[in-house]
Amino acid sequence: MDTSRKIFLRNMFIGASSVPLILSACKKDSGTGSDSGSGSGSGGGSCTVSPTETAGPFPTKTPTTLVRSDIKDDRTGVVFTANITIKNKNNSCAVLAGAIVDIWHCDKDGYYSEYGGTSMQTIDFTAVHFLRGRQTTDTNGLVTFKSIFPGWYQSRATHIHVHIYTAAGTSLLVTQIAFPEGSTSAVTTVNTSGAAYGYTKGMSGYTNNASDNVFSDDSTGAELATVTGSLAAGYVLTHTIYVAA
């Protein structure tokens, strides 16, 4: 075989073997809600702003008065920690320090504080503020809240509401966080095996994420958190939210 033919075949082999690597790199960079920047805050990534969702019908009325990381108040249930990281699409998806993060969610029975006495929520909790809080992201873009595992109510999957502001108080994003589902998920375990912790509703009548009027269009899973743990040890939610700051 002459030298020119050897070179031609060698170049063909190298080019063909590079295709999987090129395709892999394209797949990694094209995902929504993903970032390839480091967790330390050095940018360089590509990401998409998290979905915007409704704050209602039970948004926190005066969140500036609820600066705290432990939001349980008198609510009882399975121990739950929410670790939420905020990243900035406009800064190569680097972590966003100094952002204000409000969260709120229902108790184990599906009730919200600050509301009630109406057809939407018959029990009146207008004078209390359980399961609501505000924190400012640290240098890693992280806020941590100590709470109890959220319950559920008719027509909604288990969820957490989040409102993010700049340090100056300008609204950046209102969104929601969804929980993984399935027979071995925390949602199923808590609601079917958590009677000792006060969870007595079970899963009969539960609305799955796919049928939820907020999460059903989240085809990329951008609002879906990671949840680990157990009934005895408690559960930890980890989630990243992307804003344009």
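We did not get these values from a lab; they are worked out from the coordinates using the rules stated. Predicted model only: the values in this text are computed from it and were never measured. Glycine gets a Cβ as well: all are built from the backbone with ideal geometry, and neighbour counts include every protein chain shown.
Selection of region 204-236 for residues being assigned to a loop (DSSP other than H, G, I, E, B), loosely packed, with under 14 Cβ neighbours inside 10 Å and not polar (S, T, N, Q) yields GLY205, ASP217, ALA232, ALA233.
Between PRO150, PRO180, the distinction of being outside any strand (DSSP E or B), without any contact (Cβ under 8 Å) to a residue 60 or more places away in the chain and not polar (S, T, N, Q) belongs to PRO180 only. Scanning region 138-168 for residues that are out of contact with any Gly (no Cβ under 9 Å at 6 or more places or on another chain) and closer than 15 Å to ASN208 by Cα yields SER155, ALA157, HIS159, ILE160.
All conditions but one from (1) part of a strand (DSSP E or B); (2) touching a Lys or Arg at 6+ places or on another chain (Cβ under 9 Å) apply to THR175; the one that does not is (2). Residue selection: GLY110 satisfies the criterion of being assigned to a loop (DSSP other than H, G, I, E, B), more than 20 Å from THR228 (Cα to Cα), in contact with a Phe, Trp or Tyr (Cβ under 8 Å, 6 or more places away or on another chain) and in contact (Cβ under 8 Å) with a residue 60 or more places away in the chain. Considering ASP138, ASP102, the condition of being out of contact with any Asp or Glu (no Cβ under 7 Å at 6 or more places or on another chain), buried (at least 18 other Cβ atoms within 10 Å of the Cβ) and among the charged types (D, E, K, R) is satisfied by ASP102 alone.
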